[in-house]
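Every number in this text was worked out from the coordinates using simple rules, so none of it is lab data. This one's a predicted model, so the numbers in the text were calculated from it and none came from an experiment. Here the Cβ positions follow ideal geometry from the backbone for every residue, glycine too, while neighbour counts run over all protein chains shown.
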Amino acid sequence: MSDPFHQLDSTLTQVWQRLARGTKDRRAATRNPTLATVGNMGPQARTVVLRAVDPNAKTVEIHTDRRSLKVAELTKNPNAALHIWDAKANLQIRLRCTATLTHADAEKWAQIPENAQRAYGGSPAPGHEIPRPDAHDPAPNRDDFTTITLHITEIETLHLGSDLHRRARFAAPSWQGHWIAP
Ligand SMILES: Cc1cc2nc3c(=O)[nH]c(=O)nc-3n(C[C@H](O)[C@H](O)[C@H](O)COP(=O)(O)O)c2cc1C
């Protein structure tokens, strides 16, 4: 079988397949991307869970607390990036995105198991100083539940092959791929 990372089309297919796997398989490298945003003091990066992927709309979805720093940052500046290092595949995936935010989505909230709803809401709000690690009441609150939809505008891959490092870029609107110098 030929290596999918030797061709542009199959490289892009790999990206979408691996992203889709991340929404279902807790052990997939794409399960926990790093989300980077632009903050007042410069870049901010944190681990998130990939909740949904739509290859047709070219979007991915992340869930968070409305009161988190990332929501404030994305409200001010919707430019974001997602980064994934898939060690098993020797593949780095970089996604350039713009974010839209949806608050308190009742349909999505109803699909979240009760114990997982505890990640959204609670007192005090995320980022506030507390006297002890357990000085936090995790009361789930749908109003604090925010969906971050990342609209992907560019995908860049770097595959570390045994013979070559292959770097490729795919960008909206055509998603035509190009090899670029690694
Ligand atoms: C494995 C892992 C998964 C995480 N998933 C999420 C997530 O899906 N959403 C989220 O808001 N925070 C998630 N976090 C916590 C964030 O990394 C971060 O600490 C928190 O959201 C506060 O970030 P902020 O202050 O930049 O908004 C996760 C952390 C880890 C270690």
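When you go through (1) surrounded by 14 or more Cβ atoms within 10 Å (Cβ to Cβ); (2) in a loop (DSSP other than H, G, I, E, B) one by one for Ile148, which number turns out not to apply?
Every condition holds for Ile148 apart from (2).
Identify all residues within the stretch 32-77 that are of a type in the set (Lys, Arg) and farther than 17 Å from Ala119 by Cα; write none if there are none.
To start, the set of residues in the stretch 32-77 that are of a type in the set (Lys, Arg) comprises 46, 51, 58, 66-67, 70, 76.
Lys58, Lys76, listed by residue number.
Table: residues versus (1) surrounded by 12 or more Cβ atoms within 10 Å (Cβ to Cβ); (2) more than 21 Å from Pro33 (Cβ to Cβ); (3) touching a Gly at 6+ places or on another chain (Cβ under 7 Å).
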| site | (1), (2), (3) |
| --- | --- |
| Leu91 | yes, no, no |
| Pro126 | yes, no, no |
| Asn141 | yes, yes, yes |
| Asp144 | yes, yes, yes |
| Glu156 | yes, no, no |
| Ser162 | no, yes, no |
| Ala171 | yes, no, no |
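Contact list please: Cβ distance under 9 Å, first residue in the stretch 65-78 and among the charged types (D, E, K, R), second residue within 12 Å of the ligand (Cβ to nearest atom) and in a helix (DSSP H, G or I), pairs at least six apart or on different chains.
Cβ pairs passing all conditions: Asp65/Val71; Asp65/Asp144; Arg66/Asp144; Arg67/Asp144.
Among the residues of the stretch 1-24 satisfying the criterion of being free of Cβ contacts under 8 Å to residues at least 40 places away in the same chain and farther than 17 Å from Ile84 by Cβ, which is farthest from the ligand (Cβ to nearest atom)?
So the residue we want is Ser2.
Restricting the search to the stretch 57-108, which residues are among the small types (Gly, Ala, Ser), under 16 Å from Phe170 (Cβ atoms) and away from the ligand (no atom under 14 Å from the Cβ)?
Initially, the stretch 57-108 is screened for residues among the small types (Gly, Ala, Ser), giving 57, 68, 72, 80-81, 87, 89, 99, 104, 106.
Restricting the remaining residues to those that are under 16 Å from Phe170 (Cβ atoms) gives 57, 81.
Result: Ala57, single match.
Going through the stretch 124-159 one residue at a time, which ones are among the hydrophobic types (A, V, I, L, M, F, W, C), over 17 Å from Thr98 (Cα atoms) and touching a strand residue (DSSP E or B) at 6+ places or on another chain (Cβ under 8 Å)? Don't jump to the end; show me each part of the working.
The initial filter retains those residues of the stretch 124-159 that are among the hydrophobic types (A, V, I, L, M, F, W, C), namely 125, 130, 135, 139, 145, 148, 150, 152, 155, 158.
Now narrow it down to the ones that are over 17 Å from Thr98 (Cα atoms): 125, 130, 135, 139, 145, 158.
Listed by number, the residues that qualify are Ala125, Ala139, Phe145, Leu158.
I'm checking my understanding of the structure. Among residues of the stretch 25-47 that are more than 10 Å from the ligand (Cβ to nearest atom) and under 22 Å from Pro4 (Cα atoms), which one is surrounded by the fewest Cβ atoms within 10 Å (Cβ to Cβ)?
Ranking the candidates gives Arg27 first.
Name the single residue that is nearest to the chain's Cα centre (by Cα) among those in the stretch 63-83 being closer than 21 Å to Gln14 by Cβ and not small (Gly, Ala, Ser).
Here is the first cut: in the stretch 63-83, the residues closer than 21 Å to Gln14 by Cβ are 81-83.
Adding the requirement that they be not small (Gly, Ala, Ser) leaves 82-83.
Working: Leu82: 5, His83: 7 Å.
In this case the residue turns out to be Leu82.
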